[in-house]
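Report on the following structure.
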Amino acid sequence: MKKHNYAEVINKATYRLSCDADNKRAGQILQKTYSEALVYYQNEIDRILLSNDKFRWAKTLDIMQKTNDLSDEIRYNSTASRLICEPKIYASEIPDITQRAVAELYGIGTDLLTQNTKEKAKEAYYYFTKAEKLIPKYKDVGEKIHESKERATFKVIIEPVSAYTQNNVLSFSTKTFYQTMFYKLRENFPYSGFISFYSPEEASNHKITNPDQIVQIEIYDFELESKIIEYGGEVIPNPSKILTLVDGKYVWVKYVGPPNNRISNQKTLSRLLMKANAVLKITSPSDHKTVYKDNIPWNYTEELNYSYKSGISQTHISISPDNQIFFDHFSLSLGDQVVNRLSQFFKQYN
């Protein structure tokens with residue numbers, strides 16, 4: 001009770017009364033708590049309305065709604081309503097107080113927008129949305145919500161990603177990596193937040209000419225090594241004689257091949273080791289400063305259930321259509337690390 005947590009106490013008391021209408025202890029707690037709540041809330045309303053609090057009407061409305069909620073809890077419980085016959089309800093006062101509270105929130109939000117900062121625009125957005133919930137079509141509150149959200153949002157352009165082998169001998173398409181990275185970032189930062197990521201094309205379509213920051217990602221020194229591993233199969237001794245064509249006839253002759261046994265049904269798999277380095281850089285275009293930079297070394301192993309021979313290194317380049325597929329596997333794994341670093345950095349603006 002010292003914390004004025006009246007709703008919780010009354011809720012427990014009415015629940016006990018609904019289970020046991022003869023619970024005298026619950027009835028006494030209900031009557032005492034409700035009486036104290038009415039006195040406390042009325043004193044709060046009087047204090048707020050006599051103050052210079054710029055949110056006095058919004059706070060007054062909030063207290064009246066709390067009082068009504070307590071009263072409804074009692075009214076809808078048959079046992080509690082017999083103990084407290086006429087719980088206090090603010091009915092005629094609510095429309096006028098609501099109108100005053102919405103005008104108050106709208107005015108404060110409008111003043112905040114004149115300060116031209118993202119933090120103030122974010123505050124304004126919350127006040128406009130609260131005003132809209134109370135009176136949905138109040139003035140141009142819908143437009144104000146859109147304007148404040150737009151001005152509060154931190155806009156980031158992610159430039160196309162480059163990826164290549166050592167000495168720039170071979171480059172790769174990063175389309176899969178780029179699209180997956182955007183998808184995961186937008187999962188981490190949905191539209192309801194205050195940060196948006198754009199490709200250069202999207203930024204152009206949205207007419208964003210002054211982004212807050214630009215992200216650059218480069219994957220370089222990509223290498224791919226394959227190792228074929230043979231396993232399984234059945235060991236079969238070499239035959240001592242084999243059927244051989246001699247002078248036009250097939251005859252059995254002594255086998256003179258290698259003495260080693262042979263393996264039938266032998267299986268193979270390929271173990272691929274992919275590695276590269278990546279650099280992640282975030283710059284602020286307004287002052288051309290680098291605000292974040294990190295080098296990300298990466299290794300990734302992939303096993304295939306078939307024999308694959310390939311090599312991409314500083315001394316050996318094997319051109320194969322499968323190389324792009326393996327690079328996509330690698331880059332998606334690397335992409336998780338990039339997304340994690342970006343998310344950690346940008347959460348400060350959300």
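What follows is calculated from the coordinates using simple rules that are stated; it is not laboratory data. Nothing here was measured: the structure is a model prediction, and the numbers come from that model. Note: ideal-geometry Cβ built from the backbone for every residue, glycine included; neighbour counts use all protein chains shown.
See the values below:
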read-out: Karplus 3J(HN,Hα) series, Hz, for the stretch 183-192 with 6.51 cos²θ - 1.76 cosθ + 1.60 (x for Gly, Pro); value: 4, 6, 5, 6, 5, 6, 10, x, 4, 5
read-out: Residues of the stretch 50-88 with amide N under 15 Å of a point placed 7 Å along Cα→Cβ from residue 21; value: 76-84
read-out: Among 212, 46, 328: highest mean-square fluctuation, GNM of the chain, C-alpha pairs under 10 Å; value: 46
read-out: Computed magnitude of the charge dipole of the chain (debye, nearest 20; Cβ of K, R +1, Cβ of D, E -1); value: 640
read-out: Rounded to 10°, Cα long-axis angle of helix 24-49 versus longest principal axis of the chain; value: 80
read-out: Label-to-label distance, nm, for residues given as residue 268 and residue 294 (7 Å Cα→Cβ offset); value: 4.0
read-out: For residue 349, net neighbour charge (Lys/Arg +1, Asp/Glu -1) across residues whose Cβ lies under 11 Å away; value: +2
read-out: Relative contact order for the chain, counting Cα pairs under 8 Å that sit 6 or more residues apart, in percent; value: 13
read-out: Label-point separation in nm, residue 179 to residue 42, each point 7 Å along Cα→Cβ; value: 6.7
read-out: Local electrostatic count at residue 340 - Lys and Arg +1, Asp and Glu -1, tallied over other residues with Cβ under 13 Å; value: 0
read-out: Interchain or long-range residues, amide H under 5 Å from residue 292's placed H; value: 282
read-out: Candidates 295, 11, 340: whichever shows maximal mean-square fluctuation once the chain is modelled as a Gaussian network with Cα springs under 10 Å; value: 11
read-out: Degrees separating the helix 56-75 axis from the principal Cα axis of the chain, which is the longest one; value: 90
read-out: Cα convex hull volume per residue for the stretch 10-61 (Å³); value: 67
read-out: Per-residue [θ]222 nm for the chain (sum of -39500 (n - 2.57) over DSSP H runs n ≥ 4, rounded to 500); value: -15500 deg cm²/dmol
read-out: Taking only Cα atoms of the chain, radius of gyration then Dmax in Å; value: 36.5, 124
read-out: Farthest toward positive dipole pole in the chain [+1 Lys/Arg, -1 Asp/Glu at C-beta], among 177, 60, 269; value: 269
read-out: Environment charge at residue 281 (Cβ cut-off 13 Å; Lys +1, Arg +1, Asp -1, Glu -1); value: 0
read-out: Long-range amide H partners of residue 139 with built H, under 5 Å; value: none
read-out: Hull volume in cubic angstrom per residue (convex hull over the Cα atoms of the stretch 6-152); value: 123
read-out: For the stretch 24-149, size of Cβ-based charge dipole, Lys and Arg +1, Asp and Glu -1, in debye; value: 320
read-out: Angle in degrees between helix 93-113 and the longest Cα principal axis of the chain, rounded to the nearest 10; value: 50
read-out: Exceeding the 27 Å Cα-Cα cut-off - candidates 32/54; 155/184; 54/347; 155/289; value: 32/54; 54/347
